[in-house]
Amino acid sequence: MPSYFFTSQDDLLLREEAEKTSRSADLEVFYGHDLNLADFEHRLTTASLFSKTRAVWLKDVALLPRGKRTVSRLKNLCARIPQETALVLSQNTYFGGDYRKASEFRSSALRKHLEKAADVTKEIALKGRALREWAVSRALKRYGLKLNPSQADRLAEACLQLPSMMDSELMKLSLLRPENVEVPVREEVFSFVLTRTLGQGIRELVDTALARDKKAFSIAQDVFRRQETGGRLFSDLYRGFQRLLAIRTDPQHRSRPEFKGMHRFVQQKLTTAAARWSAPAIIRALTLITDAEFRQRTNRILGHSSQQAERNLVLLLLKQLAAL
């Protein structure tokens, strides 16, 4: 069987892809952080006594010992795996939001050599229409839930476009479904569950900041009161203002990749927000967001705790955006 090398920013997508390659064989899972590579190599190249086919998944390859020996052994494995064995190597490239680790892995010799050594290399990502279609399909096949396109889009927005987080919310909704029945998700139930989604406060904060809504400040206070850290706030804000700038300056913006497949209600929300900004103000906003994110990454912020420092930085940024 061939060898595979998969990368993605979401563990659920990696699992789905790894399970596809198993071809109904039991999937043995190993982890890079506690693996003896020599023992693993011996085990993998030894024929199984209990089944004709095997599927082996080595996760988090970036946590293996660094060096030429590791690269050499993994390349050797890809070339020597028995015919009845499928080998999957993978890495979650989000690295918990650590940009430095993500950048190091992206340019590492390990990644470059694995991309050449594996028979199949694939970077797995779902965005826009593909992500909504995935959500609708998974809701029906796994949980017996029928989502409409608007619900799928709102689910993606609330869960920061993360399939694993979306799946957790679908599981919650399935607990309210009668057994052995495929049912549409009632709007009031969907809204009730979604308002309690991790990340929904951040999503609301971004939306209110883009719309120049005065509620942004109070929402920020509430987000940190619930101890929901900003996480991807700065990148989401930056992406939102980029879209506003495209709407303001490019008459053909709907043909851009980031707008293709976008649900109508999201397009309308962005169009309404863009009308409240001038292009120079949006450019200034992008500069302020970049500066705030740089200060966060370099720890140039003040507070008695890391969360308080982050909160102070976010509140200052919101004040600066409101003043534009």
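The values are calculated or read from the model by the stated rules, or taken from the named source; none is laboratory data. Just so it is clear, the structure is predicted and the values come from calculations on it, not from any experiment. Backbone-built Cβ (ideal geometry, glycine too); neighbour counts: all protein chains shown.
Matching residues to (1) surrounded by fewer than 20 Cβ atoms within 10 Å (Cβ to Cβ); (2) under 13 Å from Pro2 (Cα atoms); (3) touching a Cys at 6+ places or on another chain (Cβ under 8 Å); (4) in the same structural domain as Thr21 (by TED's automatic domain parsing):
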| position | (1), (2), (3), (4) |
| --- | --- |
| Val61 | no, no, no, yes |
| Leu74 | no, no, no, yes |
| Gln83 | yes, yes, no, yes |
| Tyr94 | yes, no, no, yes |
| Ser103 | yes, no, no, yes |
| His113 | yes, no, no, yes |
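Does Glu310 satisfy the criteria of being touching a Gly at 6+ places or on another chain (Cβ under 6 Å) and not small (Gly, Ala, Ser)? Full working, then the answer.
Numbers: touching a Gly at 6+ places or on another chain (Cβ under 6 Å): yes; not small (Gly, Ala, Ser): yes.
Yes, satisfied.
Just wondering, is there one or more residues in region 96-109 that are under 27 Å from His263 (Cβ atoms) and touching a Lys or Arg at 6+ places or on another chain (Cβ under 9 Å)? Let's see the steps before the verdict.
Keep residues of region 96-109 that are under 27 Å from His263 (Cβ atoms), which gives 97.
Filter once more, keeping what is touching a Lys or Arg at 6+ places or on another chain (Cβ under 9 Å): 97.
Yes, the conditions are met somewhere in region 96-109.
With respect to Ser191, determine if the residue is hydroxyl-bearing (Ser, Thr, Tyr), under 21 Å from the mean Cα position of the chain (by Cα) and either part of a helix (DSSP H, G or I) or at pLDDT 85 or above (or both). It would help to see each step written out before you state the result.
Details: hydroxyl-bearing (Ser, Thr, Tyr): yes; under 21 Å from the mean Cα position of the chain (by Cα): no; either part of a helix (DSSP H, G or I) or at pLDDT 85 or above (or both): yes.
Here the answer is no, as Ser191 does not meet what is asked.
Take Leu140 and decide whether it is in contact (Cβ under 8 Å) with a residue 40 or more places away in the chain, outside the structural domain of Arg239 (by TED's automatic domain parsing) and exposed (fewer than 15 other Cβ atoms within 10 Å of the Cβ). Walk me through how you get there before you give the answer.
Details: in contact (Cβ under 8 Å) with a residue 40 or more places away in the chain: yes; outside the structural domain of Arg239 (by TED's automatic domain parsing): yes; exposed (fewer than 15 other Cβ atoms within 10 Å of the Cβ): yes.
It is true that Leu140 is in contact (Cβ under 8 Å) with a residue 40 or more places away in the chain, outside the structural domain of Arg239 (by TED's automatic domain parsing) and exposed (fewer than 15 other Cβ atoms within 10 Å of the Cβ).
Which residues, taken from region 263-294, are touching a residue at least 60 places away in the same chain (Cβ under 8 Å) and aromatic (Phe, Trp, Tyr)? Lay out the reasoning, then the answer.
Let us first name the residues in region 263-294 that are touching a residue at least 60 places away in the same chain (Cβ under 8 Å), namely 263, 265-266, 269-270, 272-273, 276-277.
Answer for region 263-294, where residues must be touching a residue at least 60 places away in the same chain (Cβ under 8 Å) and aromatic (Phe, Trp, Tyr): Phe265, Trp277.
Which number in (1) farther than 24 Å from Arg15 by Cβ; (2) out of contact with any helix residue (DSSP H, G or I) (no Cβ under 6 Å at 6 or more places or on another chain) marks the one condition that Met171 misses?
(1)
Go through region 10-28 and give me each residue that's of a type outside the set (D, E, K, R) and at pLDDT below 90.
Within region 10-28, Thr21, Ser22, Ser24, Ala25, Leu27 qualify.
Taking Leu131 as the residue in question, decide whether it is crowded, with 17+ Cβ neighbours inside 10 Å and either not assigned by TED's automatic domain parsing to the domain that holds Gln91 or not hydroxyl-bearing (Ser, Thr, Tyr) (or both). Break it down stepwise before answering.
On the way: crowded, with 17+ Cβ neighbours inside 10 Å: yes; either not assigned by TED's automatic domain parsing to the domain that holds Gln91 or not hydroxyl-bearing (Ser, Thr, Tyr) (or both): yes.
Yes.
Out of the residues in region 199-223 that are among the small types (Gly, Ala, Ser) and farther than 22 Å from Ser168 by Cβ, state the one that is surrounded by the fewest Cβ atoms within 10 Å (Cβ to Cβ). Step through it out loud before you land on a result.
Just the residues of region 199-223 that are among the small types (Gly, Ala, Ser), to begin with: 199, 201, 209, 211, 216, 218, 220.
Filter once more, keeping what is farther than 22 Å from Ser168 by Cβ: 209, 211, 216, 218, 220.
Working: Ala209: 27, Ala211: 20, Ala216: 24, Ser218: 11, Ala220: 23.
Filtering region 199-223 for residues that are among the small types (Gly, Ala, Ser) and farther than 22 Å from Ser168 by Cβ, the one surrounded by the fewest Cβ atoms within 10 Å (Cβ to Cβ) comes out as Ser218.
Determine whether region 241-252 contains at least one residue that is part of a loop (DSSP other than H, G, I, E, B), among the aromatic types (Phe, Trp, Tyr) and in contact with a helix residue (DSSP H, G or I) (Cβ under 7 Å, 6 or more places away or on another chain). Before you say what the answer is, go through the steps one by one.
First, pick out the residues of region 241-252 that are part of a loop (DSSP other than H, G, I, E, B): 250-252.
Next cut, among the aromatic types (Phe, Trp, Tyr) only: none.
Within region 241-252, not a single residue is part of a loop (DSSP other than H, G, I, E, B), among the aromatic types (Phe, Trp, Tyr) and in contact with a helix residue (DSSP H, G or I) (Cβ under 7 Å, 6 or more places away or on another chain).
Looking at the structure I just gave you, is Glu133 of a type in the set (Asp, Glu) and under 19 Å from the mean Cα position of the chain (by Cα)?
Working: of a type in the set (Asp, Glu): yes; under 19 Å from the mean Cα position of the chain (by Cα): yes.
Against the criterion (of a type in the set (Asp, Glu) and under 19 Å from the mean Cα position of the chain (by Cα)), Glu133 qualifies.
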